[in-house]
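The values are calculated or read from the model by the stated rules, or taken from the named source; none is laboratory data. As the structure is a prediction and not an experimental result, all values here were calculated from the model. Don't worry about glycine lacking a Cβ; one is built from the backbone with ideal geometry, like all the others, and counts go over all protein chains shown.
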Amino acid sequence: MRDKSIANLCYFLFTLTTATLFLRPAELFIWLADWPIYESLILSTLFLSLQSIQGHFSWFYLQRQPITLCVTAVLPAIIVSHLQHVYIGGAIEGATLFVKTLIYYGLLVTVVNSPSRLRGFMLVVAMCATTMVMLCVIDFFEIVDFEFIQHLDDNDSVTDEGEVVTVLRMRGTGIFQDPNDLAAAVMLAGTLCAYFLTDKSFGSLRFGWLIPLSILFTGLICTKSRGGLLACGVAGLMYIICRYGGKVATVAAVAGACALPFVASRQTEVDLEEGTGQERIQLWRDGFDALKSPDILFGIGQGGYPDVAGLVAHNSFIHAYVELGIVGGTFFFGGFFFAAMQLYRMVRIPEEIENPELLRMRPFIVALLAGWATALCSLSRCYVVPTYLVLGTCASYLNLVWIYTDAGEPLVIWNRGHLFRLVVASGCMFTGLYVFTAILAR
């Protein structure tokens with residue numbers, strides 16, 4: 001009974017920790033500004049679940065969940081990326097920052113260990129992220145002025161007369177202050193809201209989820225984020241493919257492409273020859289140029305991308321390859337690779353999954369993974385918690401899938417064969433990004 005009570009307390013504290021990622025108490029209430037609420041919550045959860053979390057990072061467990069292995073391997077990759085340049089201070093600082101992210105990931109896969117807890121965790125993320133977007137929308141339309149939300153006047157284009165045209169883009173709070181980050185959060189929340197909208201066990205009450213979905217759609221348009229719009233589109237298409245098949249997805253894609261210019265004109269204008277599109281490609285080129293050196297294996301050093309390009313890459317995969325080298329970039333890519341592999345192999349499981357709710361979740365987990373990976377193609381978010389929240393959700397879900405089969409065997413076990421597949425897939429990813437950049441960079 002005592003162990004169960006502690007487990008429930010850990011889960012409660014972890015959900016509160018997650019809530020503070022989206023709704024920062026120090027921003028909502030000024031008098032809490034000096035209180036380390038997030039740190040207190042996550043350290044309390046870690047203290048209470050220390051013995052359990054250690055098991056998830058044992059070699060036995062890492063072999064049975066390669067997502068966790070790859071996520072964990074990013075830490076030594078960060079350290080080595082600095083030590084090869086004899087930058088001890090950078091190694092300590094980079095490792096310290098990523099350990100905080102790794103603790104969150106570890107707690108997620110440890111504490112969220114049942115279908116009901118996973119469902120509850122998804123509910124907390126959906127509600128908190130939607131509430132954050134709602135506050136931003138209210139402020140954006142000047143219904144209420146929140147001091148902690150400051151929107152962005154972004155350069156949009158230049159007229160024939162040489163005048164710069166600006167556009168107001170909605171920003172979020174805390175770690176979602178960039179409009180593209182906020183748009184990625186919209187994709188995350190929208191996918192989870194759609195999951196609850198399709199839950200027939202709620203009867204007609206489930207249609208109440210149309211309200212947060214409408215708020216999220218409004219927020220997406222207000223961010224004017226092309227990457228966010230693409231991420232939402234990819235997430236939607238992946239859900240439709242998993243649920244209804246490729247033919248229906250093709251029809252939906254054509255219909256969506258025809259409708260979007262009427263509701264999101266700026267976000268559908270993609271120009272790779274000039275403007276922000278070309279600027280980002282040039283950032284990618286500068287990063288790849290920096291790898292044409294002995295740094296190609298272990299990178300230029302975590303946090304060093306602005307030193308070679310002036311800005312971050314605005315592409316997490318390129319960012320990881322350049323800063324952590326081919327080795328570290330492969331492990332970062334590997335988290336997504338093994339999540340996708342296991343989700344694909346679920347279809348081929350010969351035995352039945354005993355929990356029907358886990359089967360119903362699959363299209364939404366696929367959509368979540370694909371949407372976030374797409375969002376990362378226009379964001380440099382290799383080391384921050386939201387990326388590992390998504391990977392942790394996938395890992396927690398996939399752990400439950402193989403637990404709830406008769407055989408109880410993992411979907412993927414780390415071995416030489418899967419290491420070879422990862423290396424080949426990462427090589428193809430790296431080469432594809434490099435060729436794409438080389439062709440389009442002016």
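List the pairs whose first member sits in the range 421-442 and is on the phi < 0 side of the Ramachandran plot, whose second member is of a type in the set (Ser, Thr, Tyr) and at pLDDT 95 or above, and whose Cβ atoms are under 6 Å apart, counting only residues at least 6 apart or on separate chains?
From residues that are on the phi < 0 side of the Ramachandran plot, the pairs are 426/330; 430/321.
Among the listed residues 401, 385, 423, identify the single one that is aliphatic (A, V, I, L, M) and surrounded by fewer than 17 Cβ atoms within 10 Å (Cβ to Cβ). Give the derivation first.
On the way: 401 fails: surrounded by fewer than 17 Cβ atoms within 10 Å (Cβ to Cβ); 385 fails: surrounded by fewer than 17 Cβ atoms within 10 Å (Cβ to Cβ).
None of the others qualify; the one that does is 423.
So which of 412, 423 is over 22 Å from residue 113 (Cα atoms) and β-branched (Val, Ile, Thr)? Lay out the reasoning, then the answer.
Details: 412 fails: over 22 Å from residue 113 (Cα atoms).
The match here is 423.
Within the range 206-228, count every residue that is part of a loop (DSSP other than H, G, I, E, B) and either hydroxyl-bearing (Ser, Thr, Tyr) or in the same structural domain as residue 316 (by TED's automatic domain parsing) (or both). Please lay out each step first, then the result.
Initial filter on the range 206-228 (part of a loop (DSSP other than H, G, I, E, B)): 224-225.
Next, from what is left, pick out any that are either hydroxyl-bearing (Ser, Thr, Tyr) or in the same structural domain as residue 316 (by TED's automatic domain parsing) (or both): 225.
Total meeting the criteria: 1.
List, please: which pairs have Cβ atoms under 6 Å, are six or more places apart or on different chains, and start with a residue in the range 10-39 that is assigned by TED's automatic domain parsing to the domain that holds residue 121 and of a type in the set (D, E, K, R) and end with one that is surrounded by 14 or more Cβ atoms within 10 Å (Cβ to Cβ) and not in a loop (DSSP other than H, G, I, E, B)?
none
What tally of residues in the range 160-180 results from selecting those that are modelled with pLDDT under 85 and in contact with a Pro (Cβ under 9 Å, 6 or more places away or on another chain)?
0
Kindly evaluate residue 44 against the criterion of being in contact (Cβ under 8 Å) with a residue 24 or more places away in the chain, closer than 30 Å to residue 147 by Cβ, more than 23 Å from the chain's Cα centre (by Cα) and surrounded by 13 or more Cβ atoms within 10 Å (Cβ to Cβ). Outline the logic, then answer.
Details: in contact (Cβ under 8 Å) with a residue 24 or more places away in the chain: yes; closer than 30 Å to residue 147 by Cβ: yes; more than 23 Å from the chain's Cα centre (by Cα): yes; surrounded by 13 or more Cβ atoms within 10 Å (Cβ to Cβ): yes.
So residue 44 passes the test.
Quick check on residue 97: is it surrounded by fewer than 20 Cβ atoms within 10 Å (Cβ to Cβ), within 30 Å of residue 324 (Cα to Cα) and touching a residue at least 60 places away in the same chain (Cβ under 8 Å)? Can you show your working first?
Details: surrounded by fewer than 20 Cβ atoms within 10 Å (Cβ to Cβ): yes; within 30 Å of residue 324 (Cα to Cα): yes; touching a residue at least 60 places away in the same chain (Cβ under 8 Å): yes.
When the stated conditions are applied, residue 97 passes them.
Residue 355 versus (1) surrounded by fewer than 18 Cβ atoms within 10 Å (Cβ to Cβ); (2) over 30 Å from residue 193 (Cβ atoms): which is the lone unmet condition?
(2)
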